[in-house]
């Protein structure tokens with residue numbers, strides 16, 4: 001804890017920025033943040049790693065500000081990781097601007113014994129892309145990967161939900177404080193992620209989701225991962241920032257190709273043109289790491305084709321397009337009212353709106369908790385159809401999945 005206190009002090013003084021040369025700073029002071037705290041102004045200046053403004057802030061920032069953050073962290077049921085902690089993601093230490101502190105809900109243990117890969121894409125995802133993303137993330141975790149994403153609407157949400165359904169580990173990296181409910185639609189998703197993986201941020205509690213935070217955040221998504229996969233991204237998508245961060249960090253970049261003339265796929269297609277590897281199945285990604293991490297990966301558990309027969313797309317909340325005119329705005333409002341009835345974070349629909357398969361599953365689980373194999377046997381449903389029904393019921397918070405793929409009625 002003492003080391004963590006001094007790293008928090010440094011963060012209070014220097015702020016959160018992708019321009020901080022943290023790797024260089026700590027290399028100049030082998031004792032870490034505690035040594036920097038104890039150094040004189042002259043010793044800090046002599047090191048040549050701080051700007052005049054930074055030197056002034058280090059001099060004028062009291063340790064009490066870090067102590068208050070620790071107290072708030074305890075109240076918020078979260079913990080803090082500093083670069084000297086064993087649980088700090090090892091890959092992050094390889095980038096020149098790694099964060100001085102990470103605020104964590106959940107556990108990052110899943111990054112140790114699995115291969116972490118990032119999946120990012122547009123918030124305004126198409127149903128097909130959401131479906132592909134959920135399939136791909138599930139296939140990757142079954143093969144021994146962990147998935148890192150940004151917790152946003154659309155593709156990020158599909159990636160997280162796909163992992164959770166497959167019983168894997170996922171990490172959501174936020175662009176705001178952990179206590180800020182953003183995006184509000186993903187509140188239940190973040191709760192599930194913290195139970196099976198981790199929700200993290202380098203921003204202190206109370207930090208609002210300002211636009212400038214997310215490009216800064218993106219370097220962590222790629223920095224924690226061996227490679228970054230882009231699914232449906234427009235030419236100006238923030239997902240491309242993550243891909244560019246990955247390339248600068250020496251990490252692999254992959255992209256799922258789409259319509260050559262569709263604006264929502266332009267960014268990913270251009271990444272492929274510029275050297276990113278196209279992805280048509282999980283194997284296209286896994287084969288890049290098969291020889292590097294044979295102890296982590298089980299290639300036999302990866303599906304061969306993302307274009308196998310489609311199941312009902314997961315009901316992942318996506319960001320709506322902005323209205324172009326008053327008529328369009330009026331149409332959007334009507335559509336939004338209809339969509340609210342289907343949002344995964346709202347009250348679940350009446351039983352009459354459930355599919356026959358979902359109703360049958362609820363009837364079975366009302367009698368006893370069941371393993372997924374028992375549910376499949378009792379319903380006699382194809383796996384794809386069962387997969388969709390179970391995930392829809394989970395997203396509606398009607399059922400929940402316990403360790404070992406045991407399903408039970410939500411209390």
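Here, each number is a calculation from the coordinates, and none is a lab measurement. Just so we're clear, the structure is a prediction, and the values are computed from it rather than from any experiment. Neighbour counts are summed over all protein chains in view; Cβ atoms, including those assigned to glycine, are modelled from backbone coordinates with ideal geometry.
Quick notes
- Normalising the average separation of contacting C-alpha pairs (under 8 angstrom, six or more residues apart) by the number of residues puts the relative contact order of region 107-301 at 22 percent.
- GNM remark for the chain: springs join alpha carbons under 10 Å apart, and the peak mean-square fluctuation among 119, 372, 221 falls on 372.
- Over region 163-248, volume per residue of the alpha carbon convex hull, in Å³: 113 Å³
- The chain: angle of helix 2-14 to the longest principal axis, Cα-based, in degrees nearest 10: 90 degrees
- Antiparallel %, DSSP beta bridges [both residues in the chain], to 5: 35 percent
- Relative contact order of the chain, defined on C-alpha pairs under 8 angstrom at six or more residues apart (%): 14 percent
- For the chain, the longest principal axis of the alpha carbon atoms and the long axis of helix 239-248 meet at an angle near 50°.
- For region 107-301, the Kirkwood estimate of the hydrodynamic radius, built from every pair of different alpha carbons, is 16.2 Å.
- For the chain, a Gaussian network of Cα nodes joined below 10 Å ranks 66, 39, 78 by mean-square fluctuation, and the top entry is 39.
- Label positions at residue 259 and residue 210, each projected 7 Å from the Cα along the C-beta direction, are separated by 3.7 nm.
- For region 351-409, a Kirkwood radius taken over Cα pairs fed into Stokes-Einstein (25 °C, viscosity 0.890 mPa s) yields D = 220 µm²/s.
- Relative to the longest principal axis of the Cα atoms of the chain, the long axis of helix 155-165 makes an angle of roughly 70 degrees.
- Within the listed set 271, 296, 102, the residue fluctuating most in the Gaussian network model of the chain (springs between alpha-carbon atoms under 10 angstrom) is 296.
- For region 122-179: Kirkwood Rh in Å [reciprocal of mean 1/r, alpha carbons]: 11.3 Å
- Once the Cα gyration tensor of region 79-118 is diagonalised, semi-axes √(5λ) in Å: 15, 14, 9
- Isotropically averaged projected area of the chain, using the convex hull of Cα atoms (one quarter of hull area), nm²: 22.1 nm²
- Mean projection of the Cα convex hull over all viewing directions, computed for region 2-85: 5.4 nm².
- Estimated FRET transfer efficiency when R0 is 41 angstrom, pair residue 71-residue 367 (beta carbons, to 0.05): 0.30
- Over the chain, DSSP H runs of length four or greater, each weighted -39,500 (n - 2.57), average out per residue to a 222 nm ellipticity of -12500 deg cm²/dmol.
- As computed over region 1-153, the Cα convex hull volume per residue (Å³): 131 Å³
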